[in-house]
Amino acid sequence: MEEGARVLYTEDAIQQRVGELAAEISRDYAGRDPILVSVLKGAAWFLADLMKATTITCRMDFMAISSYGGAEESMGVVRILQDLELDIGGHHVILVEDIVDTGLTLSYLLSTLSSREPASISVCALLDKSVRRIAPVEIRYRGFDCPDRFVVGYGLDYAERYRNLRCILEVDPQELEEDPLALVPHLRRPS
Ligand code: PRP
């Protein structure tokens, strides 16, 4: 399996890009004291590094969601399991995502959060799987345009595992199903 896993983004490449995005955000939001909003769980890694690299005052908050089944799921309708603690009304919001795939989750969240009348709302996503897009969404800050592959690491999981990889790997989910521990060597060495 190890041969089947390929490093798509190294730890250094991720950290460098995160630094660049944080610099852009720091420039654009100077004096605007934005609230960085993330959806648990995958985006927590990116949010933490992004926030650490900013040079402006900002706050963070989290939401937890789950998809409805059936037709609602295919329309991207989500249920809010844990709502924001902060009131975003009148404040500048940056929605921070680890990955945008179909865009359905993001477009639903954008409409939900917009109804709370923030001063502005923009999106920062580390990975943009643009070829998979169903719902058009504007991503103002984009880390990487990601190929249509199964990816794990840096918050992204396979069956809840491998979020703690410091790089992002492209993997074959079939092979991981056969051997769920196949990526352990990647956990033990820097990549
Ligand atoms: C990922 C990601 C987005 C969503 C994007 O979360 O964080 O919320 O999928 O997919 P979409 O563009 O097709 O709607 P996931 O459901 O994997 O949950 P997790 O962050 O807890 O791993």
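Some observations on this one:
- Listed residues Ala30, Ala71, Ala22, most fluctuating in the chain (Gaussian network, C-alpha, under 10 Å): Ala71
- Taking 0.36 nm per residue of separation and subtracting the current Cα-Cα distance, fully stretching the chain between Ser111 and Ile65 would add 15.1 nm.
- Distance between the C-alpha centres of segment 107-169 and segment 30-81: 9 Å, rounded to the whole angstrom.
- Normalised contact order of segment 15-161, rounded percent, pairs of Cα under 8 Å and 6 or more residues apart: 23 percent
- Counting only protein heavy atoms and a probe of 1.4 Å, the accessible surface of segment 57-106 is 50% carbon and sulfur.
- Geometric extent, Cα atoms of segment 89-191 - Rg, Dmax (angstrom): 16.0, 50
- Normalised per residue, the accessible area of segment 12-146 is 47 Å², obtained with a 1.4 Å probe and no contribution from ligands, DNA or RNA.
- With all protein chains in place and a 1.4 Å probe, the accessible surface of segment 1-53 carries 48 percent carbon and sulfur.
- Of the Cα atoms belonging to the chain, the radius of gyration and Dmax stand at 16.8, 51 Å.
The values are calculated or read from the model by the stated rules, or taken from the named source; none is laboratory data. Predicted model only: the values in this text are computed from it and were never measured. Side chains are part of the model used for accessible areas, which takes the heavy atoms of the whole protein and leaves out ligands, DNA and RNA. Shrake-Rupley method; radii C 1.70, N 1.55, O 1.52, S 1.80 Å.
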